[in-house]
Amino acid sequence: MTTADLTREDPRTERLPLGFRLSISFALGAWGAFITYFSLIVTPNHLAKDFTWPWRAARVLLERHNPYDVIQATGPYPFNVGLFYPLPAGVVALPFAPLSAPIAGTAFIFVSAALLAFGLTSRREDLCKLPVFASAPFCMAAVLGQWAPLMTAAALLPALQFLLAAKPNLGLACWVYRPTIRGAVAAAAFALATLLIVPTWPLDWRHALEAAPRYKGPLMRGVTGLILLLGALRWRRREGRLFLAMSVVPQLSLFYDQLPLWLIPNTVWRSLALTALSWVAWSRWYPSRALTSHVAVAEPWVFWLLYVPALVLVVLLPNSDVSGRVTDPERPASAPNPPVAA
């Protein structure tokens, strides 16, 4: 084997030009922002929808108050519950605090979607996952100003892993996809640093969560949920580990929390199929959205049309660890060792 053979890069892990990545990131960030802004201008009384809570928390922090004392249930959505987010979410939202609620929510989704696109265009092999931006989970996340796009971006870009502390349930699952010690330490350090701002926030957050609905992972869905354990057949792959983590972590079955599942498809057709199924599931749920049981209505559709197909896609993958045990996430796992001089 020649030196050229040893150093030849796998085309699937080929780095794409920075200009191309930035262009795609801006375009898809603008797509997400368009969805968010349109959804906000048609419901002006909803402020920034779900992003209202971290946005308000950031504004309260700037006023040197404890967000958990100030943000209480006082009226209809988005004032119907207290602050269920950890304080790092409010700190992450600080750059958006000076903006009006609709602009803040739109800007947050623009940044989140652009970072997700930047991560997906890092390597040629991940371009097949771009149909995620046409999926029901992405559109729901954009409509509601949710964190799933940013968490999924952090799964692809280890430099962002400190942000996983802002939404620990999805953060843990996304960290498992490409785990790094630096990312775990950075997330822990970020959470600890916020103690300097509000030393009591972990206790305040725990108290606030006592009034929160009890969510669970789809694996806990009785006997039928156990079929998701078949994902362990591909535990050597990052996709298999992500799937197992997503099956366990508590989440809301309203489509947006399931966005990281789009890191599993390894062909564009599989990604498109999962995207199409997500809209079938959404269309079955949408007529019930005004009911108090709308989450219960969505849950079986999310399970059977998102998780079960994602399980099939996981099992169809080769039983090999494409991520290897590479400690440097910027180095492709398939890259060969440097040739040794004779």
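The values are calculated or read from the model by the stated rules, or taken from the named source; none is laboratory data. Keep in mind that this is a model prediction, so the values were computed, not measured. Note that we place each Cβ from the backbone using ideal geometry, even for glycine, and neighbour counts take in every protein chain shown.
Considered as a group, the residues in segment 189-226 that are among the β-branched types (Val, Ile, Thr) and not in a loop (DSSP other than H, G, I, E, B) include one that is modelled with the highest pLDDT, and that residue is Thr194. Thr194 meets each of the listed conditions (1) over 21 Å from the mean Cα position of the chain (by Cα); (2) over 30 Å from Leu313 (Cβ atoms); (3) surrounded by fewer than 17 Cβ atoms within 10 Å (Cβ to Cβ) apart from (3).
Quick check on Val111: is it surrounded by 24 or more Cβ atoms within 10 Å (Cβ to Cβ), of a type in the set (Val, Ile, Thr) and either touching a residue at least 12 places away in the same chain (Cβ under 8 Å) or out of contact with any Asp or Glu (no Cβ under 8 Å at 6 or more places or on another chain) (or both)? No. At least 2 residues being under 26 Å from Leu28 (Cβ atoms) is the threshold, and among the helices (runs of 4 or more DSSP H) wholly inside segment 48-108 those reaching it are 52-62, 87-92. For beta carbons closer than 8 Å, sequence separation of 6+ or different chains, a first residue in segment 130-156 that is in a loop (DSSP other than H, G, I, E, B) and surrounded by 24 or more Cβ atoms within 10 Å (Cβ to Cβ) and a second that is of a type in the set (Ser, Thr, Tyr) and modelled with pLDDT of 95 or more, the qualifying pairs are Ser135/Thr275; Ser135/Ser278; Gly145/Thr36; Gly145/Thr52; Gln146/Tyr256; Trp147/Ser112. Mind counting the residues in segment 254-300 that are surrounded by fewer than 14 Cβ atoms within 10 Å (Cβ to Cβ) and among the small types (Gly, Ala, Ser)? Of the residues in that region, 4 qualify. Selection of first residues in segment 266-283 that are under 13 Å from Val312 (Cβ atoms) and of second residues that are acidic (Asp, Glu), restricted to Cβ pairs under 9 Å at least 6 apart or on distinct chains, gives the following pairs, ordered by first then second residue: Asn266/Glu125; Asn266/Glu239.
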